[in-house]
1. Over the stretch 18-97, what percent of the accessible surface lies on carbon and sulfur atoms, probe 1.4 Å?
2. Ranked from the most accessible area to the least, with a 1.4 Å probe and all protein chains present, what is the order of Arg178, Arg37, Arg81?
3. So, with a 1.4 angstrom probe, what is the percent of accessible area on the stretch 175-279 that is carbon and sulfur?
4. First select every other residue whose beta carbon is under 9 angstrom from the beta carbon of Glu269; then total the charges, Lys and Arg +1, Asp and Glu -1.
5. How much length, in nm to one decimal, is gained on full extension between His179 and Asp26, taken as 0.36 nm per residue of separation minus their Cα-Cα distance?
6. With the other protein chains left in place, how much accessible area per residue, in square angstrom, belongs to the stretch 175-279 at a 1.4 angstrom probe?
7. Search the structure for amide H atoms under 5 Å from the amide H of Val253, placed 1.01 Å from N in the peptide plane, and list their residues when 5 or more places away or on another chain.
8. Any idea what the relative contact order of the stretch 18-97 is, in percent, if you count C-alpha pairs under 8 Å spaced at least 6 apart?
Amino acid sequence: MPKNAAALDFKSASLHVLRAVLHTSDTAELTRALDERMREAGAFYENEPVVLDAQGLDRAPDWRALADALRGHRLHPIGVRAPQALLASAHQAGLAPLDISTGRHAEGRAAARAQPAPSVQPAQDAQAPRAPEAPDTSAPPAAPASRARSAAQAGPAPDTAEAAPPDAGAPAETLVIRHPLRSGQRIYARGGDLIVMGMVSQGAEVIADGHIHVYGPLRGKAMAGARGNARAMILTTQLDPELLAIAGVYRVVETRLPDTLLNRPAQVELDGDTLRIRTLQGGH
């Protein structure tokens with residue numbers, strides 16, 4: 001073996017990326033939808049790799065302009081999924097064909113779409129308002145949220161705590177925070193659940209790959225199942241959030257919740273592409 005060859009090895013690796021599903025070839029429409037969505041998401045997707053999925057298109061968008069728009073939001077386009085007829089133009093723009101799993105888990109936090117987001121409907125016992133209709137580009141609904149402050153991000157930053165990723169084959173760890181979270185703080189439980197023993201203030205962000213438990217008022221943003229776990233739940237003793245998300249399905253709370261939900265113990269779970277919010281009273 002040549003001496004220099006020992007300096008580098010190739011190993012197999014799993015790939016976790018965002019999949020930006022394109023439903024139009026109109027580049028201007030795509031970039032507008034991206035701008036609106038990323039304005040809501042803030043830095044939540046910052047520095048994430050993205051695969052552009054154009055499987056449903058018969059014409060190519062301006063790949064280079066779309067890739068530049070993603071980079072402008074600190075996202076990193078790394079490849080493309082597209083019909084054979086569109087791959088040559090993608091390659092010319094520096095985007096290589098890339099095959100990824102289409103399961104929810106492998107999609108990362110959400111599939112980016114340029115179409116209306118799934119409706120967020122309450123369970124029968126919880127009359128929450130529906131999420132606003134807006135283009136979906138892998139972030140929360142694009143309608144301006146009057147209460148939304150800085151969005152969550154799953155990367156290193158000041159006032160950020162993060163659970164270490166579990167070893168392969170080891171049970172996921174639970175990250176326990178034993179103090180309230182003030183505005184601007186962000187907690188990410190990578191690979192496991194998150195328990196907060198206190199208030200999550202407006203402008204604070206809690207993220208977990210598993211479940212989120214908040215034993216106190218939840219007034220900030222909560223994002224469970226951040227890597228695509230659709231079985232994850234958000235539970236709190238006092239619900240009054242800015243944003244709720246499970247496995248990439250978002251609900252931005254723009255107006256006051258109804259009295260049947262506001263400041264009540266609640267459970268949030270995903271039913272298909274719909275967030276269900278249930279009050280937790282009397283053990284139910």
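The values are calculated or read from the model by the stated rules, or taken from the named source; none is laboratory data. Quantities reported herein were computed from a predicted structural model and do not represent experimental measurements. Neighbour counts run over all protein chains shown; Cβ positions are idealised from the backbone, glycine included. Surface areas here come from the heavy atoms of the whole protein model, side chains and all, with no ligands, DNA or RNA. Shrake-Rupley method; radii C 1.70, N 1.55, O 1.52, S 1.80 Å.
1. Values: 1670 of 3660 Å².
Using a 1.4 Å probe with all protein chains present, the stretch 18-97 comes out at 46 percent carbon and sulfur.
2. Details: Arg178 180, Arg37 0, Arg81 35 Å².
Ranked list, largest accessible area first: Arg178, Arg81, Arg37.
3. Values: 1620 of 3460 Å².
Result for the stretch 175-279: 47 percent of the exposed heavy-atom area is carbon or sulfur.
4. Values: positive: Arg231, Arg276, Arg278; negative: Asp271.
For residues surrounding Glu269, the net value is +2.
5. Numbers: separation 153, 0.36 × 153 = 55.08 nm, distance 4.76 nm.
Full-extension gain reported as 50.3 nm.
6. Details: 3460 Å² over 105 residues.
Per-residue accessible area for the stretch 175-279 comes out at 33 Å².
7. Leu243, Leu244
8. On the way: 119 pairs, mean separation 26.3, N = 80.
33 percent.
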